[in-house]
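Engineer: Provided herewith is a single structure, encoded as structure tokens, for subsequent inquiry.
Values in this text are rule-based calculations from the coordinates and carry no lab data. Remember, predicted model here, so these are calculated numbers, not experimental data. Neighbour counts are summed over all protein chains in view; Cβ atoms, including those assigned to glycine, are modelled from backbone coordinates with ideal geometry.
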Amino acid sequence: MNVSLARFALWNLKTCALANVVVGQHHNYVEISQALLDYVKEIFSDRPLVAAAWATPDDQNWHNALLRRGFEIYIEKCYFRKDLKGYISPYANHFAFQSMNEFGENEFLNHFVRIFPGNANRDFNNANPKSDFYELKGSSVENFDPARWKIAYFHGEAVGIMILKMFEHDIREGGLLSYGLFPEYRGKGLGKALHAVGLEHLAQLGAEHYVGSTDCLNDAMIKIFEANGCSDAGIRRQYRFLKPGSAADIWI
Ligand SMILES: CC(C)(COP(=O)(O)OP(=O)(O)OC[C@H]1O[C@@H](n2cnc3c(N)ncnc32)[C@H](O)[C@@H]1OP(=O)(O)O)[C@@H](O)C(=O)NCCC(=O)NCCS
């Protein structure tokens with residue numbers, strides 16, 4: 001095989017390996033991708049594999065190669081974008097914030113495990129919610145800034161959390177991670193208003209645009225993106241390869 005034709009990357013995570021195979025335009029695209037996937041499956045035969053593809057015609061061949069090699073879709077993530085230049089929340093702002101610098105990591109963790117178990121996001125680890133928190137913190141290590149890990153207060157009461165994230169690859173792109181409200185404050189319009197305030201904070205940090213995503217089953221979050229003027233930026237599918245005989249609950 002001509003090496004300039006194909007390349008692949010593997011991220012060997014704690015629980016699984018993530019495969020990203022890039023093959024240039026070629027009439028044997030699917031066969032080449034499948035051969036590389038077989039190789040990845042062989043060298044990581046001891047662990048599950050995950051991969052991702054956009055639900056677009058451009059990624060159709062990669063999607064076909066994954067399915068033919070026994071991968072299955074297990075999550076679809078809906079992506080949204082918004083221009084943030086000069087953005088100001090249109091909602092009345094009754095929120096106040098404290099950062100992790102003021103309240104410490106344990107308090108944030110306690111809030112995190114109250115908000116996320118049982119939520120609509122299928123990639124959340126319900127069996128061990130703390131592991132998602134530490135994974136998030138671990139993945140932020142290089143740019144970990146406790147000042148951007150926030151607890152939100154509404155009329156003096158803690159109602160939810162969020163992390164303001166400026167993406168490393170493009171300093172002008174921002175995101176809100178771990179965004180959520182305590183169950184007792186949901187369904188009252190606070191989610192929409194707090195999200196808009198989060199966008200305003202990102203704009204103040206210098207973000208020119210926002211990228212957000214959620215599980216396509218998370219109806220409430222999708223309504224928030226739409227209500228706050230974010231536009232549809234596509235669906236990204238996540239695939240997994242379960243070795244025959246592996247339990248599906250390895251993923252949760
Ligand atoms: C997602 C979340 C932040 C929404 O907050 P919220 O305060 O309930 O949202 P709002 O009250 O502002 O409602 C927003 C919209 O969603 C709708 N909605 C609220 N709960 C809903 C539900 N369970 N199913 C479907 N729609 C719902 C509301 O009717 C409203 O729609 P409308 O604009 O047509 O009136 C909250 O449910 C949450 O914290 N969930 C757990 C964590 C999570 O999923 N975070 C997002 C991770 S990407």
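Engineer: How much length would be gained if the chain were fully extended between HIS209 and LYS137, taking 0.36 nm per residue of separation minus their Cα-Cα distance, in nm to one decimal?
Structural biologist: Between HIS209 and LYS137, full extension yields an extra 23.6 nm.
Engineer: Here's another thing I want to ask about it. Under 1.5 on a/c is rounded, so check that first for the range 183-242, then, if it is not, pick prolate when a/b is larger than b/c and oblate when it is not; a ≥ b ≥ c are the square roots of the alpha carbon gyration tensor eigenvalues.
Structural biologist: Cα axes put the range 183-242 in the oblate bin.
Engineer: Could you sort 35-47, 219-231 so that the peptide with the highest average Cβ count within 10 Å comes first and the rest follow in order?
Structural biologist: Ranked by mean Cβ neighbours within 10 Å, highest first: 219-231, 35-47.
Engineer: Report for the range 81-233 the percent antiparallel among DSSP-assigned beta bridges with both residues inside it, nearest 5.
Structural biologist: In the range 81-233, approximately 90 percent of DSSP beta bridges are antiparallel ones.
Engineer: Length gain on complete extension for the stretch SER99 to GLU157, per 0.36 nm per residue less the alpha carbon to alpha carbon distance?
Structural biologist: 19.4 nm
Engineer: As an exercise, use a Förster radius of 35 Å and the Cβ-Cβ distance of ALA127 and LYS85 to find the FRET efficiency, rounded to the nearest 0.05.
Structural biologist: After rounding to 0.05, the efficiency reads 0.25.
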